[in-house]
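Scroll down for the structure; my scribbles are underneath it.
The values are calculated or read from the model by the stated rules, or taken from the named source; none is laboratory data. None of these values were measured; they are calculated from a predicted model. Backbone-built Cβ (ideal geometry, glycine too); neighbour counts: all protein chains shown. These accessible areas exclude ligands, DNA and RNA; they are computed on the full protein's heavy atoms, side chains included. Shrake-Rupley method; radii C 1.70, N 1.55, O 1.52, S 1.80 Å.
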Amino acid sequence: MLRPLGKTSLRISPLGFGAFKIGRNEGIKYPSAYDLPDDKTVAHLLNGVLDLGINLIDTAPAYGLSEERIGKAIAHRREAFILSTKVGETLENARSEFDFSAPATRRSIERSLRRLRTDRLDIVFIHSDGDDERIMNETDCVATLMALRDEGVIGAIGLSGKTVDGAILALNWADVLMVEYHLSDRSHEPVIAEAAARGIGILVKKGLASGRLDPAQSIRFVLSNPGVSSLVIGGLNLSHIEANLATAKAMTI
């Protein structure tokens with residue numbers, strides 16, 4: 001059931017858990033509002049996700065309380081999952097702030113390690129503000145992530161970007177890319193194919209178009225692309241996650 005993530009040594013489940021909804025409900029792009037769950041509910045959800053066999057947990061500083069809650073709920077099971085987080089965007093007073101400088105990148109990593117209660121981050125993405133090429137060409141973010149990877153602080157590095165041109169540029173240095181890809185937006189399809197040819201892993205975000213597309217149909221579409229390693233899906237309902245995982249497992253039979 002586990003899939004290789006490009007040329008990295010990581011093997012990941014076909015579905016990953018996106019931890020946005022456990023930490024943030026402000027400034028959302030989902031069609032329906034939701035309340036943040038309490039700590040007990042979060043612990044039940046995260047442990048349930050791991051018990052189902054999902055081994056990729058994706059979070060970010062911009063996801064509000066998400067990193068802290070992951071650390072509190074499942075740090076004791078650290079060997080059971082692959083941890084993905086991001087740099088560049090933080091949430092301050094319910095608003096996103098962006099800083100891709102070297103000092104900010106290092107501070108972000110240090111803060112994430114503390115919040116997540118771990119000594120390593122398996123995957124770290126640049127959390128783009130939409131100006132993908134400027135971030136890579138005019139800031140020290142990529143070079144800093146490379147240095148941190150060389151220092152052994154983090155594992156694989158990559159871009160969670162917004163544009164096709166940005167993703168193409170990131171193919172020159174990334175171990176992994178996180179791209180939006182679904183039935184209503186196939187613009188990154190050539191990037192996915194080129195990444196596969198170069199041995200670069202692909203994680204898909206927003207594969208259900210933020211809850212606007214049919215889950216089963218969307219999962220089958222995304223995972224049928226041989227260049228995709230895993231589809232990251234969020235949610236607060238463990239039964240829905242289990243149903244989605246069943247669809248994903250059926251794709252591997």
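The table for this structure:
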{"quantity": "At least 18 Å along the helix axis (C-alpha) and Kyte average at least -0.5, DSSP helices within the chain", "calculated": "39-52, 238-252"}
{"quantity": "Under Karplus coefficients 6.51, -1.76 and 1.60, residue-wise ³J(HN,Hα) of the range 165-170 in Hz, glycine/proline x", "calculated": "4, x, 5, 4, 5, 5"}
{"quantity": "DSSP-defined beta bridges in the range 122-248 - what % are antiparallel, rounded to 5", "calculated": "5 percent"}
{"quantity": "Size descriptor, Kirkwood hydrodynamic radius, that averages inverse alpha-carbon separations across the range 156-204, Å", "calculated": "10.4 Å"}
{"quantity": "Under 5 Å, built H, 5+ apart or other chain: amide partners of Leu56", "calculated": "Ser13, Phe17, Ile82"}
{"quantity": "Most to least packed among 20-32, 134-146 [average Cβ atoms within 10 Å]", "calculated": "134-146, 20-32"}
{"quantity": "Rounded accessible area per residue of the chain, 1.4 Å, Å²", "calculated": "44 Å²"}
{"quantity": "Pairs from Lys206/Lys249; Lys7/Lys86; Lys7/Lys206; Lys7/Lys249; Lys7/Lys29; Lys21/Lys72 whose Cα-Cα separation, in the structure shown, is over 26 Å", "calculated": "Lys7/Lys29"}
{"quantity": "Relative counts (whole %) of C-alpha pair distances in the chain, using bins that are 10 Å wide", "calculated": "7, 34, 40, 18, 1"}
{"quantity": "Debye log10 I(q)/I(0) for the range 113-207, one point scatterer per Cα, at q = 0.12, 0.21 Å⁻¹", "calculated": "-0.37, -1.05"}
{"quantity": "Separation of the His44 and Asn172 label points, Cα + 7 Å toward Cβ, nm", "calculated": "5.0 nm"}
{"quantity": "Computed E for Asn137/Ser224 - FRET, C-beta separation, R0 41 angstrom, nearest 0.05", "calculated": "0.75"}
{"quantity": "Computed helical MRE - 222 nm, the chain, DSSP H runs ≥ 4 contributing -39500 (n - 2.57), nearest 500", "calculated": "-11500 deg cm²/dmol"}
{"quantity": "Segment Ala250-Glu97, length gained on full extension (0.36 nm per residue, minus Cα span)", "calculated": "51.0 nm"}
{"quantity": "If the convex hull is drawn through the Cα atoms of the range 1-85, its volume per residue in Å³", "calculated": "109 Å³"}
{"quantity": "Alpha carbon centroid spacing (whole Å) that separates the range 133-174 from the range 190-226", "calculated": "20 Å"}
{"quantity": "Accessible area of the chain belonging to carbon and sulfur atoms, whole % at 1.4 Å probe", "calculated": "48 percent"}
{"quantity": "Listed peptides 52-59, 159-166, 33-40, 238-245 by packing density, highest first (mean Cβ within 10 Å)", "calculated": "52-59, 159-166, 238-245, 33-40"}
